[in-house]
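A.B. asks: If you scroll down you'll find the structure; I have some questions about it.
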Amino acid sequence: MMHFPDRPDQEQTRRLLQDSGAVVAVLPGRAHDLARLGLLADRTRPPVVTVIGKYNHGKSRLLNELIGHTAFAVADKRETVELSAHVHQGVQWLDAPGLDADVGSVDDEHALQATWLESDIRLFVHAVKEGELDASERTLLEALHCDGLRYGRQTLLVLTQIDQLSSDDQYRKVADTIGSQAPAFGVHPVSSTRYRQGVEGGKTLLLERSGIPALQRVLQGALERVPSARAHEAQLLLGDVRSELTQLVDERLARVCDLRAQQTQQRQRFDFDLLAVLDKVALDIRALIDVPGPDHSLTPDSFAEQFKMTPGKRERNRLQVGYSKACIEINAVLIKHGVSELPQAQRTSVRSLDNVMVAVMGVYVKYRKDLNQIFCEEAGRARMQCEFARYFELSPDRVELAAEISAAAGAVDAAQRALVALETLEARASALEMSGGSTA
Ligand SMILES: Nc1nc2c(ncn2[C@@H]2O[C@H](COP(=O)(O)OP(=O)(O)OP(=O)(O)O)[C@@H](O)[C@H]2O)c(=O)[nH]1
Ligand SMILES: [Mg+2]
């Protein structure tokens, strides 16, 4: 039998789980493959032989006879209800509950976990007294065959309880039918009862007619192929996961790029429109304040004139109207780009004051020099640009877009971390391949 070294240390196992976890986090659909890869990467794990088949077909008893002692419970009823393992001569033998859709899915789950996750070799057990394979058996065998073709995991179709048929002829008929139902498999006929009788009575002929020694020989050959089969399977699984992960990284990167491009474009459009409106209002304001004659706005009203229209008041009104018009034009651009209400933290109890325009510009202006400073001088324009751009970035759509970008960038990081983790798993797998190559 093969020699397998001691169990891996805890640190190794912890790192393996961590690496697998990072990959599963981004490819949850690959959880099973990663779990399988985790098992494959454990070079100290003995080869695993599992029985699979319907209940009461003689699975547990077959394992006992193959091992040479009673490791698993046998009964003439539905007996095995959970997985049970027994290590014997460097091989882990796994007894699984019988498959039967009528009884319950939990047992089936255990059996399928043993078959798909843990096993290297499956003994598909079918009792010939039951006649041909039923539909569920055929479906499972087909799946196991495909799995074998792709990953090299082996399945042996074992026909049990051949002593229960009255003649060789009857056996031939059943075996031929089953052979045509599962043409990809050779059949291995066995009788545990005959084998036991042969062992206990020292009857060599009975032993040979039990089919168990022949099955043991086939099994030995299959066990010898396990290391290379495992290496092959690990390479394929890693290749599958890698290509899916690489594609995911590419898709996620593309999404971040798209979102960033959208963000830049939005900002460019905003800057363009804002600059255009600021240019326009600067011209309008210049025309408003560059008028001949004295500037009456500078003349204060006397107490006696407080209820009368004066040239000073008229001029200040004219400036205020011009100011309001400029503000309205700028505001239209802000609204077009989704900038209207102040961010939550800046809001007051007066709704009409809670808009960006009021916050940046105020509501009132009296003098030509103020208008000039605000709209025409470089510093004033720079202030408006800077303030409006700041509020633009704080507007709901922009904040949402920025959050979307940071989530998408986080998703890229996770996928890239998964790729690094996968590389670590790959490094372990190539070590496995080397060891598989040398023992194969
Ligand atoms: N005559 C005969 N009986 C057998 C043979 N193999 C198993 N049996 C009997 O068939 C019954 C079921 O055997 P088990 O090995 O418990 O069957 P199982 O497939 O493990 O059943 P579950 O654990 O319930 O799924 C028991 O009474 C066995 O003694 C055989 O080769 N010949
Ligand atoms: Mg059993």
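A.B. asks: Compute, for the chain, the length of the dipole vector about the Cα centre, with Cβ point charges of +1 (Lys, Arg) and -1 (Asp, Glu) only. Units Debye, rounded to 20.
C.D. replies: Dipole size: approximately 1200 debye.
A.B. asks: When ranked by the protection proxy of mean other Cβ atoms within 10 Å per residue, highest first, what sequence do the peptides 246-253, 199-206, 185-192 form?
C.D. replies: Numbers: 246-253: 15.1, 199-206: 11.8, 185-192: 20.5.
Taking the mean over residues of other Cβ atoms within 10 Å, the ranking is 185-192, 246-253, 199-206.
A.B. asks: Residues of the stretch 308-325 with amide nitrogen under 19 Å from the 7 Å Cα-to-Cβ point of THR299?
C.D. replies: Those under the cut-off are 308-320.
A.B. asks: Let me ask something else. How many angstrom lie between the Cα centre of the stretch 45-78 and the Cα centre of the stretch 384-426?
C.D. replies: 55 Å
A.B. asks: Choose one of VAL187, HIS296, VAL199: the residue whose Cα lies farthest towards the positive end of the charge dipole of the chain (beta-carbon charges +1 Lys, Arg; -1 Asp, Glu; about the Cα centre).
C.D. replies: The Cα lying farthest towards the positive end belongs to HIS296.
A.B. asks: Between the alpha-carbon centers of the stretch 292-371 and the stretch 132-203, tell me the distance in whole angstrom.
C.D. replies: Result: 94 Å between the Cα centres.
A.B. asks: Here's something else I'd like to know. Sort 388-396, 305-313, 343-351 by packing, meaning the average of other beta carbons within 10 Å per residue, with the highest value first.
C.D. replies: Working: 388-396: 17.8, 305-313: 12.0, 343-351: 9.9.
Final packing ranking: 388-396, 305-313, 343-351.
A.B. asks: Need one number: % antiparallel among DSSP beta bridges in the chain, to the nearest 5.
C.D. replies: Numbers: 6 of 25 bridges.
Approximately 25 percent, going by the DSSP bridge assignments.
A.B. asks: Something else about it: Shape verdict for the stretch 46-224, please, from the Cα gyration tensor: rounded (a/c under 1.5), prolate (a/b greater than b/c) or oblate. Let's see the in-between values first.
C.D. replies: Values: a/c = 1.32, a/b = 1.14, b/c = 1.16.
Judged from the Cα gyration tensor, the stretch 46-224 comes out rounded (a/c under 1.5).
A.B. asks: Pulled fully out, how much extra length does the chain show between ARG269 and ALA407, if you take 0.36 nm times their separation in residues and subtract their Cα-Cα distance?
C.D. replies: Values: separation 138, 0.36 × 138 = 49.68 nm, distance 2.42 nm.
Gain in length upon complete extension: 47.3 nm.
Read the figures in this text as sums done on the coordinates, not as results from a lab. Please read all numbers here as calculations on a predicted model, not as lab measurements. Here the Cβ is made from the backbone with ideal geometry for all residues, glycine too, and neighbour counts use every protein chain on show.
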